[in-house]
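Novice: This is the structure I want to talk about, given as structure tokens.
Just so it is clear, none of the values below were taken in a lab; they were calculated from the coordinates. All values derive from a computational prediction rather than experimental measurement. Positions of Cβ are backbone-derived with ideal geometry, glycine not excepted, and every protein chain shown enters the neighbour counts.
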Amino acid sequence: MRGALGGPRVLLRRLREVMAEPVSAQDRLDKIVVLIAANMVAEVCSVYVLRIDATLELYATEGLKREAVHQTVLKRDEGLVGLVASEAKPINLSNAQDHPAFSFRPETGEEIYHSFLGVPILRAGNTLGVLVVQNRARRTYTEEEQEALQTTAMVLAEMIASGELSALARPGAEPAVRHSQQLNGAVLSDGIALGHVVLHEPRVVITEVIADDVPRELKRLEVAIAALRADLDRMLEDGELADGGEHRDVLEAYRMFGYDQGWLHKMREAVTSGLTAEAAVERVQSDTRARMLRAQDPYLRDRLHDLDDLSNRLLRVVMGRDHAPSRDQLPDNAIIVARSMGPAALLDYDRKRLRGLVLEEGTEHSHVAIVARALGIPAVGGIDNATGLVEPGDAVIVDGTAGHVHLRPRPDIESAYAERVKLRARRQAQYHALRDKPCVTKDGQKIDLMINAGLLIDLPHIDDTGASGVGLFRTELQFMVAHAFPRTNEQYALYRSVLDAAGKRPVTFRTLDIGGDKVLPYIRNETEENPALGWRAIRLGLDRPGLFRIQIRAMLRAAGGRELRVMFPMISMIEEFDKAKEFVEMELTHLRRHGHKLPDRVEIGTMLEVPSLLFQLDELLDRVDFLSVGSNDLMQFLYAADRGNARVSGRYDPISTPVLRALKDVADKAAAHKKPVTVCGELASQPIGALALVIAGYRALSLTPSQVGPVKAMLLDLDCKKAQSAILPLLEKPIGSVSIRHQLENFAAAENLPL
């Protein structure tokens with residue numbers, strides 16, 4: 001590049017000196033534009049900063065009229081500067097005035113300048129402002145000059161992100177980097193949480209941006225790239241992946257990024273311009289991220305996660321950091337922000353300090369959402385670029401009632417939500433007052449409300465809610481939080497504690513339901529193309545009888561002298577139930593032979609979550625002691641829509657004619673066979689869902705603990721026979737002629753039922 005003062009490396013060193021000077025923010029910015037202009041032999045250098053009102057304000061200039069500083073304001077899509085900001089990519093013109101986007105602002109005095117080079121000031125792919133150089137002569141800036149200006153823009157990004165420029169702004173016109181904003185997503189778990197951001201996968205904090213020894217930084221980059229490639233090669237050479245399949249294709253595409261010469265060339269260029277190896281990786285990641293976030297092609301946007309992960313891996317290799325972030329130092333009032341998360345990862349956090357969860361992905365039916373609801377953690381999903389918009393420690397409000405996330409909220413918003421939290425607390429106190437009141441509808445129908453649980457932390461909810469018992473105890477959660485397979489005595493201790501806490505109230509234990517997105521790290525996981533329909537739940541148990549029998553034995557021992565209720569997950573054929581029941585009989589024989597105290601009674605049932613059982617109900621009900629409808633899986637299998645996939649999970653309504661016809665048929669046949677049936681899926685945890693289920697004939701529901709109060713309050717005000725008379729005839733009407741959900745809402749409004 002043409003540089004009067006020695007090129008970009010000298011410029012970066014001088015910028016570092018200016019950044020260290022004890023001067024005001026405006027003085028620092030003024031010195032920076034002078035340095036850049038001199039180094040690039042430019043007659044103009046200007047810095048525009050993106051404001052919270054989505055406009056661009058001129059914050060400093062060398063060459064334009066000084067009185068235009070803080071006076072010239074452009075719309076985000078106005079002029080060439082606006083075009084650079086909106087498209088997040090450089091614009092290099094020999095005669096700017098010929099460009100159709102050129103906008104003349106007479107107060108700046110820029111009409112005499114022709115050549116124009118503008119680059120976005122980016123951080124984590126987000127545009128913070130625009131850096132511009134101009135000359136009177138008509139010329140196109142070289143690639144080296146453009147690269148140097150982009151490198152310099154990275155230094156300015158850190159200055160803007162630090163909040164230093166906020167002191168220069170008028171109220172309502174602060175830099176957008178730290179502004180308050182509302183992000184809209186989908187409700188995953190009800191509730192409101194106020195706290196501070198903790199990134200699930202923390203970004204590596206770069207403290208050294210400017211290189212002292214460029215050859216050394218190039219060497220660090222090359223060594224890190226070689227190590228990253230070796231790691232990717234090992235992943236693909238793993239024996240579990242050798243047979244090919246879709247999973248291998250995904251990893252091959254992932255490795256392709258690691259060997260992409262364009263990506264590597266850009267990082268090398270950034271180092272050559274004077275950045276440290278880690279700063280070069282971050283700069284190229286930010287540039288690429290900005291372009292991919294604006295891409296219309298969904299495939300390219302999906303690849304953004306691959307690139308982010310790869311870049312973060314490379315950053316950690318460069319800086320010698322462990323890949324696994326530590327969660328030992330979780331602050332109070334932590335709000336976890338993540339791209340996606342499995343249920344086991346959520347359970348790794350200290351639940352005494354965890355207040356809320358924000359995900360870029362995830363749906364209300366995903367397992368992490370179910371666990372969040374079980375733990376009473378407000379959660380919102382579907383927040384685009386959440387991890388790129390936040391900084392660790394940012395104040396944040398998670399509104400799990402409306403699906404909103406307020407990032408860096410204004411004091412008035414924070415105050416309003418604090419009041420809402422107090423109001424919810426008062427409402428919970430009202431629900432608590434109903435704890436000991438029998439759950440009986442106005443027309444005398446007794447409804448058993450039980451809770452879903454899975455950990456020792458859930459046990460106090462039995463008494464807190466006044467529940468009739470535990471309708472679903474998810475035994476797999478103990479396995480998911482353990483670092484090794486729980487021994488028989490460890491399982492025995494947990495099941496014994498659950499039964500002790502429940503006292504005379506029934507507890508229904510579901511045998512191990514792992515597979516799909518519930519993976520145990522200490523058990524070899526075989527990658528499947530469709531894990532939700534694969535080797536999981538009872539299928540795994542029957543194929544691994546040693547594992548299955550250990551669990552059954554622990555349950556039987558724990559229930560010595562008491563009643564034990566056991567149900568099997570994902571039964572799809574009568575033969576599977578018969579085989580699983582045989583294992584229970586074998587363990588009873590084993591314990592009897594060795595003199596152990598046996599349960600007074602063992603009831604064996606099954607989850608109804610696979611549609612094939614709908615056509616085996618009579619034979620099944622002849623064999624089981626009880627049924628439990630798992631509405632989450634049943635819905636996704638009925639509609640062939642992955643409940644964890646946001647693109648398809650909302651394509652069906654669980655409160656609709658076909659669903660309620662199927663559920664009513666189950667309830668009717670269970671009643672005919674005089675076998676109890678419970679619904680333990682998330683449908684039962686919504687007041688409107690519970691209303692639909694009671695109308696369909698269900699008299700036992702198992703809920704998320706936090707929803708027992710709202711559901712009970714609704715049921716106490718319900719005239720069940722009146723509701724059935726109004727709604728059941730609608731199930732006979734042709735599909736599409738009436739909305740069951742809307743009719744239920746209208747009925748509830750007319751009857752003043754709290755939904």
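Novice: Below 11 angstrom from the Cβ of residue 109, what's the summed charge of the other residues (Lys, Arg +1; Asp, Glu -1)?
Specialist: With Lys, Arg at +1 and Asp, Glu at -1, the neighbours total -1.
Novice: Placing unit charges on C-beta atoms (Lys and Arg positive, Asp and Glu negative, everything else neutral), compute the dipole magnitude of the chain about its Cα centre in debye, rounded to 20.
Specialist: Taking the Cα centre of the chain as origin, the dipole is about 1920 debye.
Novice: Taking the simple approach of a point 7 Å from Cα along Cα-to-Cβ for both residue 350 and residue 16, what is their distance in nm?
Specialist: About 3.7 nm separates the two model spin labels.
Novice: Can you give the local net charge around residue 508? Use residues other than it whose beta-carbon is closer than 10 angstrom to its beta-carbon, Lys and Arg +1, Asp and Glu -1.
Specialist: That works out to +1.
Novice: Can you work out ³J(HN,Hα) from phi for every residue in the stretch 719-731, in order, using Karplus 6.51 cos²θ - 1.76 cosθ + 1.60 and θ = phi - 60°, giving whole Hz and x for Gly and Pro?
Specialist: My calculation for the stretch 719-731 gives 9, 5, 5, 5, 5, 5, 5, 7, 9, 4, x, 5, 5 Hz in order.
Novice: Over the stretch 8-173, what is the relative contact order in whole percent, taking alpha-carbon pairs under 8 Å and six or more residues apart?
Specialist: 21
Novice: Quote the relative contact order of the stretch 601-755 in percent (integer), defining contacts as alpha-carbon pairs under 8 Å separated by 6+ residues.
Specialist: Relative contact order of the stretch 601-755: 21 percent.
Novice: Using Cα atoms only, what is the angle between the long axis of helix 277-293 and the major principal axis of the chain, expressed in degrees (0 to 90) to the nearest 10?
Specialist: Once rounded, the angle reads 70 degrees.
Novice: Counting only residues 5 or more places away or on other chains, whose amide H sits under 5 Å from the amide H of residue 72 once H atoms are built in the peptide plane?
Specialist: 58
Novice: If one computes the Cα centroid of the stretch 438-461 and of the stretch 649-693, what distance in Å separates the two points?
Specialist: Each part's Cα centre sits 17 Å from the other's.
Novice: May I pose another question? Using the charge dipole of the chain (Lys, Arg: +1 at Cβ; Asp, Glu: -1 at Cβ; taken about the Cα centre), state which of 558, 177, 484 has its Cα farthest towards the positive end.
Specialist: After comparing all options, I get 558.
Novice: Through the Karplus equation 6.51 cos²θ - 1.76 cosθ + 1.60, θ set to phi - 60°, convert the phi angles of the stretch 98-105 into ³J(HN,Hα) values in whole Hz; use x for Gly and Pro.
Specialist: With the stated coefficients, the stretch 98-105 comes to 7, 6, x, 8, 4, 10, 8, 10 Hz.
Novice: Still on this structure, please answer the following. Show me the ranking of peptides 142-152, 213-223 by mean Cβ neighbours inside 10 Å, starting with the highest.
Specialist: 142-152, 213-223
Novice: What are the trypsin sites (Lys or Arg not before Pro) within the stretch 646-755 that DSSP puts in a loop, where the Cβ has at most 10 other Cβ atoms within 10 Å?
Specialist: 647, 651, 674
Novice: Quickly estimate the mean residue ellipticity at 222 nm for the chain, helices only: each DSSP H run with n ≥ 4 gives -39500 (n - 2.57), and the total goes over all residues, rounded to 500.
Specialist: -13500 deg cm²/dmol
Novice: Just want the answer: with Cβ charges of +1 for Lys and Arg and -1 for Asp and Glu, which residue in 58, 729, 371 is farthest toward the dipole's positive end in the chain?
Specialist: Farthest towards the positive pole: 729.
Novice: Roughly how many debye, to the nearest 20, is the charge dipole of the stretch 434-750 about its Cα centre, given +1 on each Lys and Arg Cβ, -1 on each Asp and Glu Cβ, and no other charges?
Specialist: That gives a dipole near 640 debye.
Novice: Of the options 333, 199, 451, report the single residue whose Cα projects farthest towards the positive end of the charge dipole of the chain (beta-carbon charges: Lys, Arg +1; Asp, Glu -1).
Specialist: 451
Novice: As I understand it, the value is the acute angle between the Cα axis of helix 246-258 and the longest principal axis of the Cα atoms of the chain; what does it come to in degrees, rounded to 10?
Specialist: 20
Novice: Return the distance in nm (one decimal) between the two label points of a simple spin-label model at residue 259 and residue 640, each offset 7 Å from Cα along Cα→Cβ.
Specialist: 3.7
Novice: To continue, here is another question. Give the long-range amide H neighbours of residue 565: residues separated by 5 or more places, or on another chain, with amide H under 5 Å away, using H modelled in the peptide plane at 1.01 Å from N.
Specialist: HN-HN under 5 Å from residue 565: 507, 509, 603.
Novice: Give me, ordered by chain and number, the residues 5 or more places off residue 121 or on other chains with an amide H under 5 Å from its own placed amide H.
Specialist: For residue 121, the qualifying residues are 128, 129, 130, 131.
Novice: Starting from the Kirkwood Rh over alpha-carbon pairs, what translational D in µm² s⁻¹ does the chain have by Stokes-Einstein at 25 °C and 0.890 mPa s?
Specialist: Here the translational diffusion coefficient equals 84 µm²/s.
Novice: Using the 10 angstrom Cβ neighbour count as an exposure proxy, how do 615, 577 rank, fewest first?
Specialist: Neighbour counts put them in this order, fewest first: 615, 577.
Novice: Using Cα pairs closer than 8 Å and at least 6 residues apart in sequence, work out the relative contact order for the chain, in percent.
Specialist: Averaging sequence separation for qualifying contacts and normalising by length gives 10 percent for the chain.
Novice: Here's another thing I want to ask about it. Taking the Cα centre of the stretch 610-755 as origin, sum charge times position over the Cβ atoms of Lys and Arg (+1) and Asp and Glu (-1), and report the length of that vector in debye to the nearest 20.
Specialist: In total the dipole reaches around 80 debye.
Novice: Along the stretch 674-684, what does the Karplus equation 6.51 cos²θ - 1.76 cosθ + 1.60 (θ = phi - 60°) give for ³J(HN,Hα), rounded to whole Hz, x for Gly and Pro?
Specialist: So the Karplus estimates, Gly and Pro as x, are 6, 10, x, 9, 10, 10, 10, x, 5, 4, 6 Hz.
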